[in-house]
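A.B. asks: Okay, here's the structure, questions in a sec.
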Amino acid sequence: WKGIDLQFFFSGQSGNSVFNVATRWLKDYRQNFNVGETARNATAYRDTYTASEPRLVIADPNQNILRSSDRYVEDASFARLRNLTIGYTFSRNIQNKMKATRFRIYFSAQNVFTITNYSGLEPEIGSFSTGTARDLGTDRLQYPQPQTYIFGLQLGF
């Protein structure tokens, strides 16, 4: 349309549940790293039993951290704008003045945004290093997909 072109590609999934091991790790006082911010809501820090997190102590006598439960299963449905390209092709008059057969500028981006309620870094997880069936659907702090931005010039003579 008047020299402007637009391409975009959305993808997503619905109804996928993920066991968020990362959330469990960030509430475990036995690890050698800091705990997550939600650990502040544990009953160990409050006098009342209105806390949203179970008691967290280094000894963990009730084994709240060791036990796997559906407490850490989350809906990982998402919609993602994977690719976006916006370009402008200059008119034939400008191309002829430059003695060019093609003159176009463009902007392209990958993984522009993701819409999700998942609390982890990446709702679209794969298997962990072992690649076994038990790791499918388990988020072990998988690094999120990177965002990439490209500015380009297409010039033909």
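The values are calculated or read from the model by the stated rules, or taken from the named source; none is laboratory data. Bear in mind that the values here come from a model prediction, so they are computed numbers and not experimental data. Quick reminder, even Gly has a Cβ in these numbers, built from the backbone with ideal geometry, and neighbours come from all protein chains shown. For the accessible areas, the whole protein counts, side chains as well, though only heavy atoms, and no ligand, DNA or RNA atoms are used. Shrake-Rupley method; radii C 1.70, N 1.55, O 1.52, S 1.80 Å.
A.B. asks: Considering each residue of the stretch 104-123, count those that are more than 15 Å from ASN83 (Cβ to Cβ) and either polar (S, T, N, Q) or part of a loop (DSSP other than H, G, I, E, B) (or both), and give that number. Step through it out loud before you land on a result.
C.D. replies: Residues of the stretch 104-123 that are more than 15 Å from ASN83 (Cβ to Cβ), as a first pass: 104-105, 115-123.
Next, from what is left, pick out any that are either polar (S, T, N, Q) or part of a loop (DSSP other than H, G, I, E, B) (or both): 116-123.
Qualifying residue count, the stretch 104-123: 8.
A.B. asks: Next question, about the same structure. Are any residues in the stretch 65-103 open to solvent by less than 50 Å² (accessible area, probe 1.4 Å), in a strand (DSSP E or B) and not basic (Lys, Arg), and if so, which ones?
C.D. replies: GLU74, PHE78, ALA79, LEU81, LEU84, THR85, GLY87, THR89, PHE103
A.B. asks: Would you mind finding the one in GLY152, GLY87 that is more than 16 Å from SER17 (Cα to Cα), in contact with a Lys or Arg (Cβ under 7 Å, 6 or more places away or on another chain) and at pLDDT 80 or above?
C.D. replies: On the way: GLY152 fails: in contact with a Lys or Arg (Cβ under 7 Å, 6 or more places away or on another chain).
The match here is GLY87.
A.B. asks: Name, by its number, the condition in (1) out of contact with any helix residue (DSSP H, G or I) (no Cβ under 7 Å at 6 or more places or on another chain); (2) modelled with pLDDT of 75 or more; (3) outside any loop (DSSP other than H, G, I, E, B); (4) open to solvent by 40 Å² or more (accessible area, probe 1.4 Å) that does not hold for PHE19.
C.D. replies: Only one criterion in (1) out of contact with any helix residue (DSSP H, G or I) (no Cβ under 7 Å at 6 or more places or on another chain); (2) modelled with pLDDT of 75 or more; (3) outside any loop (DSSP other than H, G, I, E, B); (4) open to solvent by 40 Å² or more (accessible area, probe 1.4 Å) is unmet by PHE19, namely (1).
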